[in-house]
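Here is the structure we will look at.
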Amino acid sequence: MKQVISVKDVQEMVRSGKDPHSLPADALLTPSARDYLRELEGPAGYKPVAGHSISPAAEAKPVTSKSSKQEIDSFFNSPRIEELKRQLCDIGKRLWQRAYVDGNGGNLAIRVGEDIALCTPTLVSKGFMQPDDMCLVDLDGNQLCSGNGKKRTSEILMHLQIMKRQPRAVATVHCHPPYSTGYAVAGVAPPTCMIPEYEVFSSVAIAPYRTPGTPEMGALVADLVDKHNTILMANHGVVSWSHNNLEDAYFKMEILEAYCRTVLVASQLGKPANTMTPAQLQDLLKIKQSLGIPDPRIGLKECELCDNNEWRPGVTCAIPNQVNNGDQSVAPDDQAETLVQAITDQIMSRTK
Ligand SMILES: [Zn+2]
């Protein structure tokens, strides 16, 4: 009897590294299996997947939420999307292994087209997801596809609002890492100028609490993603985005969680923690800028950079005396004070 091969069989072969060409010559292929094989042998040819990211630009024919059902389905089962589904499972497992998620908490999304995203399902532990659990949604959160009938995460709106507001965001990760979430519960932004890794790769802000999954929560987070790539969600958890790929968005979590934990340890050692100087931070911000990572401090004066008590983006401060090659346009402090005093005296005499 001839063997009937379904698309699932071919996908399983690819997944386990077997060459689909090794199928018996007389095997009967279902139409979707044939489409899938054709796609594997497309213009670029099939390349074994090895955990690398696939850029949305690499796609030959862009699929959008307006494409036909057949086009969307075949895109959803394409090798490129299958690879991204595996990446979602892999990162989910890493979140769970590091105890960054609890119960069915946490969710992930990858933008895979102009107005479509792949995301994790609701009510599944992030440590035990299967590629078929993944869902395809449009940027309003309407579900377009699922491999096995699972429903998209209830928190997808927040991910999508980030992607809409920050077009560079290709991947988002949300989870509840205990140390970072502790800061979010206390409403305390982690102090700065302590560890280079954190300064270069993270730009953290706190969003106020709203019910998870609501458009209001998503809007408050989205308001911050222009200048920040990691948002502490008050009394809830953390969400990060990356302009590179899913693993990079996940790394933001590792960096933040390690930082919050380290700062907490440092704060218990009975001695104020040492910090780097504003000039040293300035060097790190230059690296950050060259990596395309946003930070509201880029462009601030050095004296504004390491004020951990009262740091605010709008704060102003005096510029340290600069060598002006003989240009005396900047008045020395005593002259300025005399001037201020004279003006004050004048005003006071008029009000008498
Ligand atoms: Zn959550």
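The values are calculated or read from the model by the stated rules, or taken from the named source; none is laboratory data. Everything numeric here is computed off the predicted structure, so don't read it as measured data. Here the Cβ positions follow ideal geometry from the backbone for every residue, glycine too, while neighbour counts run over all protein chains shown. Calculation scope for accessible area: heavy atoms of the full protein, side chains included, ligands and nucleic acids excluded. Shrake-Rupley method; radii C 1.70, N 1.55, O 1.52, S 1.80 Å.
Summary of values
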{"item": "Given charges at Cβ of Lys, Arg, Asp, Glu: region 114-199 dipole, positive-most of Leu157, Val170, Leu136", "result": "Leu157"}
{"item": "Relative contact order [Cα under 8 Å, 6+ residues apart], region 60-200, whole percent", "result": "22 percent"}
{"item": "Distance from region 70-123 to region 200-234 (C-alpha centre basis), Å", "result": "21 Å"}
{"item": "Simple Cβ-charge dipole of region 64-138, Lys/Arg +1 and Asp/Glu -1, about Cα centre, in debye nearest 20", "result": "280 debye"}
{"item": "Accessible area per residue in Å² at 1.4 Å probe, computed on region 182-305", "result": "44 Å²"}
{"item": "Arg98, Arg86, ranked by accessible area, largest first (probe 1.4 Å)", "result": "Arg98, Arg86"}
{"item": "Local electrostatic count, Ser125, Cβ distance below 14 Å [Lys/Arg +1, Asp/Glu -1]", "result": "+3"}
